[in-house]
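Okay, structure first, notes after.
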There are 4 protein chains.
Amino acid sequence: MLDAGVRAFARSGYRNASMDDIAELAGVSKPLVYLYLNSKEDLFTACIRREAAALVTAVRAAVERDAPADRQLWSGLSGFFAHTAEHPDGWTLLHVQARTHGQPYAREVAAMRTEIVEFVTQLIAAAAREHAREAARARTLAGTEVSGLAHALVGAAESLADRAGDGRAGGPSAKEAAATLMNFAWAGLGNLLQGRGWAPERIG
Amino acid sequence: MLDAGVRAFARSGYRNASMDDIAELAGVSKPLVYLYLNSKEDLFTACIRREAAALVTAVRAAVERDAPADRQLWSGLSGFFAHTAEHPDGWTLLHVQARTHGQPYAREVAAMRTEIVEFVTQLIAAAAREHAREAARARTLAGTEVSGLAHALVGAAESLADRAGDGRAGGPSAKEAAATLMNFAWAGLGNLLQGRGWAPERIG
Amino acid sequence: MLDAGVRAFARSGYRNASMDDIAELAGVSKPLVYLYLNSKEDLFTACIRREAAALVTAVRAAVERDAPADRQLWSGLSGFFAHTAEHPDGWTLLHVQARTHGQPYAREVAAMRTEIVEFVTQLIAAAAREHAREAARARTLAGTEVSGLAHALVGAAESLADRAGDGRAGGPSAKEAAATLMNFAWAGLGNLLQGRGWAPERIG
Amino acid sequence: MLDAGVRAFARSGYRNASMDDIAELAGVSKPLVYLYLNSKEDLFTACIRREAAALVTAVRAAVERDAPADRQLWSGLSGFFAHTAEHPDGWTLLHVQARTHGQPYAREVAAMRTEIVEFVTQLIAAAAREHAREAARARTLAGTEVSGLAHALVGAAESLADRAGDGRAGGPSAKEAAATLMNFAWAGLGNLLQGRGWAPERIG
DNA sequence: CATGAATGAGCTTTCATTCAT
DNA sequence: AATGAATGAAAGCTCATTCAT
């Protein structure tokens, strides 16, 4: 029944998907939907929560604990791309629809996002510590720098996931996408740690 | 009058924003809205077009022509973040709402996005050429690599712009966001050019 | 200006014809229409009155006074068919549109119709008197009989006029239509006068 | 529910009768009307079809098969007048409203009318054959003459029915109206068959 | 005298939501 | 537990009508 909701909401949008459609898609009668999920808003919330939980769970399960930080990040990204590719409706629901319809829903996915960003932040911090052990003149990163990188990384990942779900099959595989992203992000991190970050020095 | 449309659509979504609301917000009567913009769909299209044009214009104006490629990219990003921060409703309209409601609108912003991605692609290619002049053992980038980088960069920028418009003031300034992104992407470009990309195989 | 009204009302119907259409058709601005004819209802009424007057005038002018009654009737019918064929919009306005939209307008054309029916009634009565002078055993007609014939005659004439205006050119000419009608009506009158009317005698 | 539609449409006209009015008249809520009859147009069509079928059925039932042709015609006319007098709204719907509002509806009643005209045509032809058996020097009628007579007869009948439905009680009864019409038309037929038609040339 | 600009009111249609069964 | 039947409320759109110029 939630399946029907996710699918309908993802494909038609919250307003366009009617409760009739959803009930029919689920193969049950409309009042039954109301019995289990009190209202359209509640149904939408329930769908979002389920998809958010599924996504977080998938990413968590994909992460190779006890591996080096970069490897953990890479495996997490792989898991993320694999899950969004396998559940395009769920991803659309979270990343497109939930954001489109005001506060209660947007907050719901914002919470999930924060969770992921924090996880990435910790990985980056761990990587920085690892790096510090190995390299001599490593500098310490400010919190905002780490957080900035994490946000950018997550943002780029979301973008790639959107692009993959655009319907054109034959795009990059989940692991390829993850590798592409690591190429950019990890290099940036390394440079930053060695004091070779990019800066608009030429400005007054 | 378009202002009212942009604001209402951005905040309530296309379906939820009623023509009554928009008319009231614009301080005019509903029939007047229909007199100037023939239908709700036309109004939506007009809003999207205006905001897309404004954004592209702003970015174009911000780019420092004749500067080195990285500097051009940075100034363009700064302009982008400055504009989206100053016009959060316009940005939401383009990036969230227009994508949510079917083909005609999505195509409109897809065109704008393509324009920007191509611009970034050219900058990256130019940077690669500059780099080739300076560094000895620079390798040539494949077209897909450049394009991949451009997409990731634009995607990350969009994400950061979203975050900035979330309403929580005190986020990073436009220039800081641009610098973060440069750090994220430019280093990746450099590493790629020197054949030092990240790859999962290196790890256990 | 009334021309435009007649045409628009006849072709689109009272509700479908908008004041915008009419003003544009008349080549003037809408407020001007309101200046001369206070409202849409007044405009409609004015159109009906004009067309009714024109029709009655045309029929009156066509009647050959001082001729025998049958000849008068025939010439009147000819005039009627000629006028309705030449002014199909006017005829539609009177016979279709005015009847469709409630009391005030329906009454207007009912008055005109009454006038015509009375005229026909008098002609029939005159014919009866003429007949009485010529034929020996003529019987006197009851008022209801005369009136019934007049009504039927006028009704049949209206029907033929409708059929003629249906757009298929090449129908019978006005004079032919009038002759056809005379064939039926006058014979019926003659038979009645000679006591050879049709009656359901066989019923109990 | 169709009753309400017929009544509202007949009295107010298609455009003037609002779905609110109809729903209220039917004692149900507006959405229910839309549930059963999909749109105003469909409701109108359904009303027309029902009334047309009812009228045709009533006329068919009234005709005394196996009686002589004139008797059949008379009984059919009686049935027609009786039905229209008993269902004035239905008659108005068919004869006034359906004709006023464009092709799909007009066609619907045109079909019914054709059916009736053809029935009358056959009766007249049968009468001519009967007449030929009895009278010696009967001439054969051309098809156009028969058809013209049928059209005129039906047209006159329609007109008389309109008059009866005008609301003024005390008009002629159904049988009287039928007799009047028979007098009007049957005599014409007889004269025609005997070559004694009326023609303008006979006069001065 | 004539009009461009503006609106109040109403119409058709849809949909989330609820009872009686 | 499950549903067919019904509705209140609202939305997009149109049009007769009026001022300020």
Qualifying position, being surrounded by 14 or more Cβ atoms within 10 Å (Cβ to Cβ) and more than 12 Å from the chain's Cα centre (by Cα), among C:GLY155, C:GLY148, C:GLY143: C:GLY148
Of all residues in the range B:1-41, which are small (Gly, Ala, Ser), closer than 22 Å to B:ARG99 by Cα and surrounded by 18 or more Cβ atoms within 10 Å (Cβ to Cβ)? B:ALA4, B:GLY5, B:ALA8, B:ALA10, B:GLY13, B:ALA17
Selected residue (only one of A:ALA110, A:ALA106, A:ALA85 is over 22 Å from A:SER147 (Cβ atoms) and either more than 13 Å from chain B (Cβ to nearest Cβ) or surrounded by fewer than 20 Cβ atoms within 10 Å (Cβ to Cβ) (or both)): A:ALA85
Just to be sure I understand the filter: pairs with C-beta atoms under 9 Å, separated by 6 or more residues or on different chains, first member in the range D:27-41 and away from chain A (no Cβ under 14 Å) and among the hydrophobic types (A, V, I, L, M, F, W, C), second member assigned to a loop (DSSP other than H, G, I, E, B) and near DNA strand E (Cβ under 6 Å from one of its atoms). Which pairs pass? none
Considering only the range C:113-140, how many residues are among the hydroxyl-bearing types (Ser, Thr, Tyr) and within 13 Å of chain D (Cβ to nearest Cβ)? 1
What helices (runs of 4 or more DSSP H) completely inside the range B:49-138 contain at least 3 residues that are of a type in the set (Lys, Arg)? B:103-134
Of the residues that sit in the range C:88-101 and are within 9 Å of chain D (Cβ to nearest Cβ) and touching a Ser or Thr at 6+ places or on another chain (Cβ under 7 Å), which one is farthest from C:ALA52 (Cα to Cα)? C:THR100
How many of the residues in the range A:63-76 are small (Gly, Ala, Ser), over 18 Å from the mean Cα position of the chain (by Cα) and surrounded by 15 or more Cβ atoms within 10 Å (Cβ to Cβ)? 1
Regarding the range B:42-62, can at least one residue be identified that is among the charged types (D, E, K, R), surrounded by 18 or more Cβ atoms within 10 Å (Cβ to Cβ) and either more than 20 Å from the chain's Cα centre (by Cα) or near DNA strand F (Cβ under 8 Å from one of its atoms) (or both)? no
(1) modelled with pLDDT under 90; (2) at positive phi; (3) within 16 Å of DNA strand F (Cβ to nearest atom) all hold for A:GLY13 apart from (1)
Those residues that are more than 10 Å from chain C (Cβ to nearest Cβ) and among the polar types (S, T, N, Q), I need them from the range D:141-164; list them, please. D:SER147
Enumeration of residues in the range D:20-32 that are within 14 Å of D:PHE9 (Cβ to Cβ) and near DNA strand F (Cβ under 8 Å from one of its atoms): D:ALA23
Quick check: is even one residue across the range C:3-26 near DNA strand E (Cβ under 10 Å from one of its atoms) and in a loop (DSSP other than H, G, I, E, B)? yes
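The values are calculated or read from the model by the stated rules, or taken from the named source; none is laboratory data. The shown structure was predicted, so the numbers you read here are calculated from the model rather than taken from an experiment. Cβ coordinates were reconstructed from backbone atoms using ideal geometry, including for glycine residues, and neighbour counts include every protein chain displayed.
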